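First up is the structure itself, then whatever we jot down about it.
Please treat every number below as a calculation from the coordinates, not as lab data. Only a predicted model underlies this, so the values are computations on that prediction, with no experimental measurement involved. As a convention, Cβ positions derive from the backbone with ideal geometry for all residues, glycine included, and neighbour counts pool all protein chains shown.
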Amino acid sequence: MVMKCEEIREVMPDLASGLMAMTPEIGGHLADCGACAGKMEEFRRTMALLDEWKAPEPSPYFDVRLQARLREEMAKPQAGWATWFRRPVLAAALTVLMGIGVGLFFTKGGGIYSPGNNVVADSEVQAEPGTAVSDLQALEKNHDLYSDFDLLDDLEVQRDVVANP
Amino acid sequence: MATASPRPANGLQPAFIGGENFTDAEVMLRVRAGDESAFDFLVQKYRRPLVNFMYRMARNTAVAEDLAQEVFLRVYRSRQTYEASAKFTTWLYRIATNLAVNHARDTRHERPEVTVSLDEPDEETGTTLDVADGTVTVEESLVRRERMLAIRSRVEALPERQKLAVIMHKYQEMDYKQIADVLKLSESATKSLLFRAYETLREQLREFV
């Protein structure tokens, strides 16, 4: 099977790193294709150059410091109820629940700012007679009178009764 | 069967004997069950690879060690919620990757310009130019350090995911599958990511090879 240049170039980093073994097909292509052979050689040199970047060994203090940090970790109190609030999903769920609760509180008229409470509060305060507030309070109380109108309609009219006998 | 030997006098955890016969996930389940010697086994196994990984991400030995310790602390803190469904190294390197990327973002404006000095030790590695013993000339040593700085700066200049992929592939010797799992990519996407990164490095390091 003849391999294309693109197929060879895709595996060049692995070939150059020694992570992939050279196959007869690849070897044959590289022998015939100067461009791919040149690129492969550049990849080999690049990988060899990258190998020069060495990382230092962990210092002798690494284990000591880690042990100290672990001891601090173990000395911390066990997770209590407060840690539940640090969980983002739970915190979000609680926020939504609280929001729903507050919303229901106000929409059902149970809140401290609900109109019903204000009316009750206002009606309990007796305004001075003759003031506008007093008149409004009187009108408010007249609803008893209006409700009695239906009762009056039901009564039979006494024909022999005159206004000014 | 792994067993814990009696606690040694130096205060370290007793050795987790036979740990090498277990998968990392099985050892981690022992940690979850409260076996601290099992945790020490994992620390000893992964301290060097993690410090190396962090060093190449953070360019500073002290910071690299601090970040590697933080990875182990996070593993320890998460022991109760550990599920053996994911490969342990995938989980470990995901924690390490998150920490390294966050650190790089937090210190983006604090990094000094990379310089070469003959007299002073490299502040990132703590090493000095090896001219004192006379085996190499000053020029050779300077060229060597310049090459080293070129490699570091070119790798560091890669886009974040390409840099992570190169460090895991080239220096941690992780395969495409492992890297793909850590970066949450498909294997083909990881292969393509790595190819682009190596192509860039080949172009940009041409003058040094």
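Using 1/(1 + (r/R0)^6) with R0 = 22 angstrom and r between the beta carbons of A:MET20 and B:GLU156, what's the FRET efficiency to the nearest 0.05?
0.25
Please give the contour-minus-distance gain from A:THR107 to A:ARG71: 0.36 nm per residue of separation, less the Cα-Cα distance, rounded to one decimal in nm.
7.7 nm
Pop a pseudo-label 7 angstrom from the Cα along the beta-carbon direction at both A:ALA37 and A:GLU6 and give the gap in nm to one decimal.
Those two pseudo-labels are separated by 2.5 nm.
Please compute the net charge surrounding A:THR23, taking Lys and Arg as +1 and Asp and Glu as -1 over other residues with Cβ under 14 Å from its Cβ.
Residues near A:THR23 contribute -4 overall.
How large is the charge dipole for the stretch B:13-111, taken about the Cα centre, if only the Cβ atoms of Lys, Arg (+1) and Asp, Glu (-1) carry charge, to the nearest 20 debye?
Roughly 400 debye, rounded to the nearest 20.
Show me, for the stretch A:17-34, the HN-Hα J-couplings you get by feeding each phi into the Karplus relation (A = 6.51, B = -1.76, C = 1.60, θ = phi - 60°), rounded to Hz, glycine and proline as x.
Here the 3J(HN,Hα) series is 7, x, 7, 9, 7, 5, 9, x, 5, 5, x, x, 5, 5, 5, 8, 10, x Hz.
Step through the table entries B:LYS45/B:LYS87; A:LYS54/B:LYS163; A:LYS76/B:LYS87; B:LYS163/B:LYS191; A:LYS76/B:LYS45; A:LYS39/B:LYS177, compare each Cα-Cα distance with 18 Å, and write down the pairs that go over it.
Among B:LYS45/B:LYS87; A:LYS54/B:LYS163; A:LYS76/B:LYS87; B:LYS163/B:LYS191; A:LYS76/B:LYS45; A:LYS39/B:LYS177, the Cα-Cα distance tops 18 Å for A:LYS76/B:LYS87; A:LYS76/B:LYS45; A:LYS39/B:LYS177.
Which loop-located GluC sites (Glu not before Pro) does the stretch B:134-199 contain, where loop means any DSSP state but H, G, I, E or B and the Cβ has at most 16 other Cβ atoms within 10 Å?
Sites meeting the loop and neighbour criteria: B:GLU173.
So if we plug the beta-carbon distance of B:LYS177 and B:GLU199 into 1/(1 + (r/R0)^6) with R0 = 22 Å, what FRET efficiency do we get, rounded to 0.05?
The value I calculate is 0.50.
Treat each spin label as a single point 7 Å out from the Cα along the C-beta direction, and report the B:ARG206 to A:ASP63 distance in nm.
About 4.9 nm, to one decimal.
Determine the sum of side-chain charges near B:ASP175: Lys and Arg each +1, Asp and Glu each -1, restricted to other residues whose C-beta is under 15 angstrom from that of B:ASP175.
Counting the neighbours of B:ASP175, the net charge comes to 0.
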